[in-house]
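Here's the structure, in structure tokens; my notes come after.
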Amino acid sequence: MDRGIKAQGRLPGNRPGKAASHISSLEFGKWFRNTRLVILAVMVVFIRVQVAAPLAECARLMGEPVSVFEGFLAICNSGVILLVLPVLFLVLVADFPQRDGTHLFCQARCRKRVWIAGQVLFAMKACLFLVVFLFVVSCILMLGCGSWQFSFSDAVTHFTSVYPDRTGDYVVQLVPGNLYQQMGLGMALLHSACMMYLHFLLLSMVILWSFLLQKKYAGILADGFLIILGAVTCEVQLPAMWVFPMPHTVPWLHYEEYLSAMVFPMWASYLYLGGGCAALVTACFVAARRYQVLS
């Protein structure tokens, strides 16, 4: 039955939306105090080594600063980083939904669907927090070699012209030509942030759905396979790569390097990611009918 269980008290207010928002705030507070957030420090070190240092070397070689925003674009568009960050994200949310506190509705009286809505809202908040965190950290780490210019820097766009023998350097792969030759910095930032957010949210919804089916570890394993297979197919750029979520999160993969022709429509990727999230949220509410609160 879709009923809650009596507990220590009711959620504030009688509106399901307000109750779900309260649950999401409680869950976010617990998550933010979780020791797993030490992973954020690992992310900072990883970004410093894999993004900030190479771009600083690029600025030194070119004798002019890069844009501080190009660090975030490198995070969202580099193949190696796109493989590692989702894995670190899975570690951060591996215990989602948490099985303490509000689990089994023992801290608040609510219906199962309200609790699920609260978990969805929590996932949305956590994903947004992580995207904003990556953006802020990348900008801070780029301050030593970057300037606040809202356009692609000459240091990045002209690097291969000045050093034609270094076209295979790692720094060239951080901000590929398919990106800065096809769109401006603002549009690249918008697409990169939105697609990364939807990717993280999709992975979270897979975990929540599998939890409601009482197969949570299968969901985490499925996320792992989606990440690895997506990264591998992106690296070799197989036509089948568009079956997986990861290619849809990389703006430059949607374009040819020099021509303005699209390899895959950008709107279709938003439909894939957004539609996938919506379908999984719907599946979660359907699974709630069979979910046994008491085992």
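The values are calculated or read from the model by the stated rules, or taken from the named source; none is laboratory data. Predicted, not measured: the structure shown is a model, and the values here were computed from it. Positions of Cβ are generated from backbone atoms using ideal geometry, with glycine treated the same way; all protein chains shown enter the neighbour counts. These area figures cover heavy atoms from the full protein model, side chains too; ligands, DNA and RNA do not enter into them. Shrake-Rupley method; radii C 1.70, N 1.55, O 1.52, S 1.80 Å.
A compact table of results
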| quantity | calculated |
| --- | --- |
| The range 222-238, residues that are in contact with a helix residue (DSSP H, G or I) (Cβ under 9 Å, 6 or more places away or on another chain) and free of Cβ contacts under 8 Å to residues at least 12 places away in the same chain | V232, L238 |
| Residue within the range 117-124 that is open to solvent by 70 Å² or more (accessible area, probe 1.4 Å), closer than 21 Å to L37 by Cα and under 20 Å from the mean Cα position of the chain (by Cα) present | yes |
| Residue satisfying all of: in the range 125-140; touching a Leu at 6+ places or on another chain (Cβ under 9 Å) and surrounded by 17 or more Cβ atoms within 10 Å (Cβ to Cβ); farthest from F28 (Cα to Cα) among these | S138 |
| Helices (runs of 4 or more DSSP H) within the range 17-107 that include 3 or more residues of a type in the set (A, V, I, L, M, F, W, C) and farther than 21 Å from C139 by Cβ | 79-92 |
| Single residue of the range 98-115 satisfying the filter (surrounded by fewer than 22 Cβ atoms within 10 Å (Cβ to Cβ) and not basic (K, R)) that is modelled with the highest pLDDT | Q98 |
| From the options I47, I81, I75, I39, residue that is modelled with pLDDT under 85 and among the aliphatic types (A, V, I, L, M) | I81 |
| Selection within the range 209-223 - over 24 Å from L82 (Cβ atoms) and open to solvent by less than 60 Å² (accessible area, probe 1.4 Å) | F211, L212, K216 |
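Residue by residue, here is whether (1) open to solvent by 10 Å² or more (accessible area, probe 1.4 Å); (2) assigned to a loop (DSSP other than H, G, I, E, B); (3) out of contact with any His (no Cβ under 7 Å at 6 or more places or on another chain) holds:
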position: A155; (1), (2), (3): no, no, yes
position: D165; (1), (2), (3): yes, no, yes
position: G168; (1), (2), (3): yes, yes, yes
position: Q173; (1), (2), (3): yes, no, yes
position: L179; (1), (2), (3): no, no, yes
position: S192; (1), (2), (3): no, no, yes
position: Y197; (1), (2), (3): yes, no, yes
position: L203; (1), (2), (3): no, no, yes
position: I207; (1), (2), (3): no, no, yes
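A quick yes/no check of all residues on (1) among the aliphatic types (A, V, I, L, M); (2) open to solvent by less than 40 Å² (accessible area, probe 1.4 Å):
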| residue | (1), (2) |
| --- | --- |
| H22 | no, no |
| S25 | no, no |
| G29 | no, yes |
| T35 | no, no |
| V38 | yes, no |
| V42 | yes, no |
| A56 | yes, yes |
| P65 | no, no |
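Conditions tested, residue by residue: (1) modelled with pLDDT of 85 or more; (2) closer than 17 Å to L83 by Cα; (3) crowded, with 20+ Cβ neighbours inside 10 Å.
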{"site": "F225", "(1), (2), (3)": "yes, yes, no"}
{"site": "V236", "(1), (2), (3)": "no, yes, no"}
{"site": "P247", "(1), (2), (3)": "yes, yes, yes"}
{"site": "L259", "(1), (2), (3)": "no, no, no"}
{"site": "M262", "(1), (2), (3)": "no, no, no"}
